[in-house]
Amino acid sequence: MEAVKTDKLTKYYGRTRGIDGLDLTVEKGECFGFIGPNGAGKSTTIRTLLGLLSPTSGSASVLGMNVLRDKKEILRRVGYLPSETLFYPGMKVRDILRFSAGLRSADCSDAAAVLCERLQLDPSRRIDDLSFGNRKKVGIVCALQADPELLILDEPTGGLDPLIQKEFFDILSERSRRGVTVFISSHVLHEIQRNCTRAAVIRDGRVIACGRVDELSKTSAKRISFRGTVDLTGLEGIRDLNESGDGAGFLYNGAMDALLCRLAAGSVSDLNISDPDLDEIFMHYYTKED
Amino acid sequence: MTILRHELRRGKTALLIWTGVIALLLAICIFLFPEMKKEMESISEMFASMGSFTAAFGMDRLSFGTLTGYYAIECGNVLGLGGAFFASLIAAAMLSKEEKGRTAEFLLTHPVSRTRIVTEKLAALIIQILAMNLMIWLVSAGSMLAVGEEIPWKEVGLMHLSYLLLQIELCGICFGISAFISRGSLGIGLGIAALMYFMNLISNIAEAAEPLKYITPFAYCSGADIVTNGTLDWSLVAIGCGFTAAGIAAAYIKYLKKDIAA
């Protein structure tokens, strides 16, 4: 059964496009990445799935239930982490966690205590005194403490330090092994690459690519930059070449051994090979689409 | 009841401050009454020479020398305006504050129906208004006993009842508006309370503006009418109940369908 399924889902804010004919399928138990630039329609999609927005047309179901008809039951089985975690001022972390559990008519105190410890979150602190990252941790505990079947996480790692990010993804991985479906919307490509099995790229309110992460990544180039002198003439797969006096930078989508041979034959004092920025990945898909 | 408890907890400080201020002002007014009673003649003359404002405040039909008359004019204004501002402010903010404070996303992504959210928030408003009126009534009665006056139970009770109904009406109207807005609740709450108050003054002064009394809830709170007739104008109260019901219905209809944007 699909955990999330949208069929030509469309949402317009007046005459402004949110999403337009979006088709998306997330299988139960998988970890799914949702990638797109600002304004592409990621948040609109999530908000429609959670019943915060009514679709203009099309349909959507979550855990086999209609998002309009079964909103309450869907929310009972879904844990959601918004990109901006804002809470009621003046409250302590433990009050927020208790309030969230109370809204679910559940006692989540044990689970909350474990999660707080793992994420190094002090429940006695006031929300107003927390940094962005610590507020994010509160949001994570709220989303996870009731042990939902589906986790919808919007930009989950913003503000988290690398150690906590690792702990967070360890928790997700444990949940995933227990059959929980994880839906992550993110700008950070390597997060999706490391943690998701499938992903979709959204642009202008439509899914422009969807498939296994390794397949999607295959099509993406590497960002190469070096300091020194290398003869790149005739090397296939170079894009966006930017030569400076003491080196060059470019996107490379060709054979890696051919590039390494050229680099070895040249004189290189520094070399950097990295994943392209997400923007560059998007550009790749945009170019392909156009 | 989670949302109800949450709202009562969050509204506690504002409730105590508003109740404290209104009760204190009422108590001060009542404690000044024995002094006023001694200077009744000169005060009555002064108020009688205020032209149309005498009628606006109902001072042409009430005697400042009696506790009932004094309470209806002085204390009625304090309780009327103070209570109206409080009820309008908290009601106008009740639904909109979730969007203004950007907590709507948190609240509405929990398994709670919007009907329950609106109902529990409305219940929180009514409880706060009832609590404030009860505390003020107790302080008021206590103050009258403290200055050694016999309490005119019926008149004072009817006046307090009228102000309670006024607050509930303004609460219903502002609650309805709250579902349509995401910010600006402070101005709207204060504006509506002040508008209704001045509408009543105008309808008392100018004959041509008399129909305004069917709109403003202050019309059925006229101390002069209540003391003179020994009852409230129930036809005006019924119209007020209509406005209250319309406001509450609008809140449910709008909020249940409302898109919650980022």
remark   = Between A:ALA209 and residues 5 or more places away or on another chain, the pairs with built amide H atoms under 5 Å apart involve A:VAL201
request  = For A:MET91, list long-range residues whose amide hydrogen, built 1.01 Å from N in the peptide plane, is under 5 Å from its own amide hydrogen.
outcome  = A:ILE127, A:ASP128
remark   = For chain B, the percent of accessible surface on carbon and sulfur atoms (probe 1.4 angstrom, ligands and nucleic acids excluded) is 68 percent
note = With N residues in chain B, Rg(alpha-carbon) / (2.2 N^0.38 Å) equals 1.08
remark   = Across 10 Å bins beginning at 0, the whole-percent shares of Cα-Cα pair distances in the range A:2-214 come to 9, 35, 37, 18, 2
request  = Mind giving me the FRET efficiency for A:ASP231 and A:GLN193? R0 is 30 Å, r the Cβ-Cβ distance, nearest 0.05 is fine.
outcome  = 0.40
ask   = Across the residues of B:107-119, average count of Cβ atoms on other protein chains within 10 Å?
value = 6
key: Accessible carbon and sulfur surface of chain A relative to its total accessible area, %, 1.4 Å   = 47 percent
inquiry  = How charged is the neighbourhood of A:ARG17? Take every other residue with its Cβ under 10 Å from the Cβ of A:ARG17, and add Lys/Arg as +1 and Asp/Glu as -1.
reply    = +1
remark   = Computed curve, the protein assembly as shown, Cα-only Debye sum without solvent term, log₁₀ I(q)/I(0) at 0.10 Å⁻¹, is -0.89
inquiry  = If you count only protein heavy atoms with a 1.4 Å probe, what accessible area per residue comes out for the range A:222-274, rounded to a whole Å²?
reply    = 61 Å²
request  = List the residues of the range A:11-53 whose accessible area drops by at least 40 Å² when all protein chains are present, compared with their chain alone, using a 1.4 Å probe and counting only protein heavy atoms.
outcome  = A:ARG47, A:LEU52
task = Grab the other residues whose beta carbon is less than 14 angstrom from that of B:LEU186, score K and R as +1, D and E as -1, and report the net.
result = +3
key: Sorted peptide list for A:178-185, B:130-137, B:229-236, criterion being average Cβ within 10 angstrom, highest first   = A:178-185, B:130-137, B:229-236
ask   = Across peptide A:100-106, how many C-beta atoms of other chains are within 10 Å of each residue C-beta, on average?
value = 5
ask   = So how long is each side of the range A:217-261 along the principal axes, counting just the alpha-carbon atoms, biggest first, in Å?
value = 31, 18, 14
ask   = Using a 1.4 Å probe on protein heavy atoms, which residues of the range A:70-87 have at least 30 Å² less accessible area in the complex than alone?
value = A:LYS72, A:LEU75, A:TYR80, A:GLU84, A:LEU86, A:PHE87
query = What is the spread of the Cα atoms of the range A:108-263 along each of their three principal axes, largest first, in whole Å?
reply = 64, 33, 30
inquiry  = Could you work out [θ]222 nm for the protein assembly as shown from helices alone, using -39500 (n - 2.57) per DSSP H run of at least four and dividing by all its residues? Round to the nearest 500 deg cm²/dmol.
reply    = -17000 deg cm²/dmol
inquiry  = Can you tell me what share of the DSSP beta bridges in chain A is antiparallel? A percent to the nearest 5 is fine.
reply    = 70 percent
query = When Cβ neighbours within 10 Å are restricted to other protein chains, what is their mean count per residue of peptide A:171-177?
reply = 0
ask   = For B:LEU195 and A:LEU68, what is the calculated FRET efficiency with R₀ set at 45 Å and r taken between the beta-carbons, to the nearest 0.05?
value = 0.70
request  = Over chain B, average the accessible area per residue using a 1.4 Å probe and give it in Å², no decimals.
outcome  = 43 Å²
ask   = Which of the peptides B:21-30, B:159-168, A:240-249 is most tightly packed, and how do the rest follow, going by the mean number of other Cβ atoms within 10 Å of each residue?
value = B:159-168, B:21-30, A:240-249
request  = Please build a GNM for chain A, connecting alpha carbons under 10 Å apart, and tell me which residue among A:ILE238, A:ILE127, A:ILE192 fluctuates the most.
outcome  = A:ILE238
key: Estimated FRET transfer efficiency when R0 is 45 angstrom, pair A:VAL114-B:MET135 (beta carbons, to 0.05)   = 0.55
note = Along the range B:6-19, Karplus-curve 3J(HN,Hα) (6.51, -1.76, 1.60; θ = phi - 60°) to the nearest Hz, with x for Gly and Pro, reads 4, 5, 5, 5, 6, x, 4, 5, 4, 4, 5, 5, 4, 4
message = To the nearest hundred square angstrom, how large is the accessible surface buried between A and B, total for both chains, probe 1.4 angstrom?
response = 2400 Å²
A:THR16 paired with A:GLU215, simple spin-label distance in nm, labels 7 Å along Cα-to-beta-carbon = 3.5 nm
query = Per-residue HN-Hα couplings for the range B:212-221, Karplus 6.51 cos²θ - 1.76 cosθ + 1.60 at θ = phi - 60°, whole Hz, x for Gly and Pro?
reply = 4, 5, 7, 9, 7, x, 5, 5, 7, 9
note = Interchain or sequence-distant (5+) residues whose placed amide H lies within less than 5 Å of the amide H of A:ALA248 are A:PHE226, A:GLY228
query = What's log10 of I(q)/I(0) for the range B:187-231 at q = 0.18, 0.20, 0.24 Å⁻¹, Debye sum over Cα points only, no solvent?
reply = -0.54, -0.64, -0.82
task = Any chance you could run the full-extension gain for B:ALA261 through B:LEU186? It's 0.36 nm times the residue separation minus the Cα-Cα distance, nm to one decimal.
result = 24.9 nm
request  = Figure the gain on full extension for B:ALA208 and B:VAL147 (residue separation times 0.36 nm, minus the Cα-Cα span) and round it to one decimal in nm.
outcome  = 17.8 nm
query = When only Cα pairs under 8 Å and 6 or more residues apart are kept, what is the percent relative contact order across chain A?
reply = 20 percent
ask   = Are any of the pairs A:LYS8/A:LYS72; A:LYS166/B:LYS121; B:LYS97/B:LYS257 more than 28 Å apart by Cα-Cα distance, and if so, which?
value = A:LYS166/B:LYS121
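The values are calculated or read from the model by the stated rules, or taken from the named source; none is laboratory data. Keep in mind that what you see is a predicted model, and the values were worked out from it rather than measured. For neighbour counting, all protein chains shown are included, and Cβ atoms are generated from backbone atoms with ideal geometry for every residue, glycine included. Note: accessible area is taken over every heavy atom of the protein model, side chains too, but ligands, DNA and RNA are not part of it. Shrake-Rupley method; radii C 1.70, N 1.55, O 1.52, S 1.80 Å.
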